Amino acid sequence: MRGLPRELPPTAGLPLRLADLRPGRANLAAILAGQLQTPPLQLTCSGTAALLLALRVLHARQPRRSVVVVPAYTCPLVAIAVHQAGLQLRLCDLRPGHFDMDPQALATACREDTLAVLPTHLAGRVADVDTAVAVAARSGAFVIEDAAQALGARSDGASVGLRGDVGFFSLAAGKGLSIFEGGLLLSRDASLRESLRDAGERLVPRRPAWEARRSAELLGLAALYRPRGLVFAYGRPLRRAMRRGDPVDAVGDAFPATLPLHRVGRWRQAVGANAAARLPGFLAMLRRQAQARVEWLRAIAGVEVFDDAPGTQGTWPCLLLQLPDERCRDQVLAQLWTRGLGVSRLFIHALPDYAYLADRVPPAYVPNARAFAQRTLTIGNSPWLDDATFERIASVIERAAS
Ligand SMILES: *Cc1c(COP(=O)(O)O)cnc(C)c1O
């Protein structure tokens with residue numbers, strides 16, 4: 001078997017098994033709510049759709065507020081959802097060298113027109129939601145926790161997504177547990193949960209053609225989400241995009257202008273439920289692997305590895321690293337990015353720097369978000385990355401940082 005090309009994923013998703021594909025009548029949201037010990041969860045067709053529903057519901061409660069404050073470094077889909085909800089984006093710079101929104105910048109961004117702010121749990125790390133809640137409360141804004149990358153993460157023992165007014169997870173390909181595209185809404189507030197359910201009933205049609213497409217895509221994911229298959233599904237398109245000089249396409253940051261809204265069918269729910277039984281064990285294994293590797297990387301001078309903040313237990317789809325400067329980061333990527341080892345970048349740009357989003361993202365002076373985009377990289381934490389290969393990656397980083 002040696003010598004066949006292999007490609008490791010940039011983030012660790014739970015691999016599907018053939019037996020997961022058997023049909024059933026499982027209620028995926030109920031199973032995950034039991035597992036995560038949350039109030040009832042609401043299944044949506046994507047994380048973005050979950051955010052869109054949340055924005056619709058909150059806007060109905062505060063119709064005179066129409067601005068949504070988001071970190072200037074986050075998933076472009078967040079900007080697309082805000083636009084699709086008919087609301088305006090206001091970017092908040094990060095605090096220096098961190099993915100959290102800067103509290104001072106957040107206080108300036110939250111005004112009488114502000115509907116919601118979105119603290120974001122990036123790369124499985126738990127964000128500082130309490131500060132966002134305190135700042136938002138002063139202006140009367142809601143808090144939506146973007147936990148798209150953090151299904152299973154906990155803060156003081158409870159699932160993330162419950163400290164704000166609303167939270168959402170993503171079940172997209174490569175994000176922990178996947179049904180190819182899916183999302184989950186959660187809230188500790190029963191009346192908001194009811195409004196969200198109502199909005200789902202009213203606004204989300206069935207659209208069997210979309211469900212058929214997603215079902216086929218899920219079969220493709222089940223077949224190809226392994227080192228041999230990822231060569232075709234991920235590695236080759238990545239290298240093609242890089243040869244074109246298009247890193248935005250290479251990491252999958254280029255999204256369509258609107259996202260579909262439809263209901264998730266029974267079969268995809270069953271697949272997710274079958275796989276979900278393995279999720280706690282999988283997350284625990286990733287945690288053990290990550291902890292040893294965080295220690296290893298931490299010994300390299302000049303490299304900062306994002307770890308759990310006190311009282312939090314994040315998930316570990318990847319290790320998020322910050323290097324001393326862009327030159328050093330790019331030197332590492334030049335050696336590793338296209339080598340099939342799962343080394344990548346989270347999002348390529350701060351939101352104002354995506355050309356294709358120029359009509360939806362206001363210009364903003366966000367130097368810390370730009371520096372974060374320039375200095376960070378990720379190492380996929382999939383179980384397929386063995387210790388010897390990890391150590392090779394670490395030694396490339398060590399040479400570049402020294
Ligand atoms: C992926 C992602 C989303 C959107 O989730 P989808 O399920 O892909 O629609 C939102 N926010 C962040 C931070 C993400 O990484």
Fill in: Number of the condition not met by Gly140 [criteria: (1) on the phi > 0 side of the Ramachandran plot; (2) more than 16 Å from the ligand (Cβ to nearest atom); (3) in contact with a Gly (Cβ under 7 Å, 6 or more places away or on another chain)]
(3)
Discussion item. I'd like the residue in the range 48-69 that is open to solvent by less than 10 Å² (accessible area, probe 1.4 Å) and within 9 Å of the ligand (Cβ to nearest atom) and, out of all such residues, is nearest to Gln88 (Cα to Cα).
Written reply: Leu51
Fill in: Condition met for Leu321 (in contact with a Phe, Trp or Tyr (Cβ under 8 Å, 6 or more places away or on another chain) and open to solvent by less than 30 Å² (accessible area, probe 1.4 Å))
yes
Response to the item:
Taking the range 2-33 and the residues there that are farther than 21 Å from Ser382 by Cβ and in a loop (DSSP other than H, G, I, E, B), the one that is most open to solvent (accessible area, probe 1.4 Å) would be Arg25
Worksheet item: Can you find a residue in the range 187-208 that is part of a loop (DSSP other than H, G, I, E, B), within 13 Å of the ligand (Cβ to nearest atom), among the aliphatic types (A, V, I, L, M) and closer than 30 Å to Val57 by Cα?
Response: no
Discussion item. Out of Ala134, Ala148, I need the residue that is in contact with a strand residue (DSSP E or B) (Cβ under 7 Å, 6 or more places away or on another chain) and either more than 10 Å from the ligand (Cβ to nearest atom) or not basic (Lys, Arg) (or both). Which one?
Written reply: Ala148
Fill in: Residue ranges of strands (runs of 3 or more DSSP E) in the range 72-174 with at least 1 members at pLDDT 95 or above, in contact with a Leu (Cβ under 7 Å, 6 or more places away or on another chain) and closer than 24 Å to Asn368 by Cα
88-92, 114-117, 142-146
Worksheet item: Are any residues in the range 185-217 closer than 12 Å to Val264 by Cα and among the aliphatic types (A, V, I, L, M), and if so, which ones?
Response: Val204, Ala209, Ala212
Practice prompt. Kindly indicate whether any position in the range 246-266 is open to solvent by 20 Å² or more (accessible area, probe 1.4 Å), over 21 Å from Trp337 (Cα atoms), of a type in the set (D, E, K, R) and assigned to a helix (DSSP H, G or I).
Written response: yes
Discussion item. Quick check on my filter: what residues within the range 150-174 are on the phi > 0 side of the Ramachandran plot and surrounded by 24 or more Cβ atoms within 10 Å (Cβ to Cβ)?
Written reply: Gly152, Gly161
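The values are calculated or read from the model by the stated rules, or taken from the named source; none is laboratory data. Given the structure is predicted, the values throughout are model-derived calculations rather than measurements. Counting neighbours? That spans all protein chains shown, and the Cβs are built from the backbone with ideal geometry, glycine included. Only protein heavy atoms, including side chains, enter the accessible area calculation; ligands, DNA and RNA are left aside. Shrake-Rupley method; radii C 1.70, N 1.55, O 1.52, S 1.80 Å.
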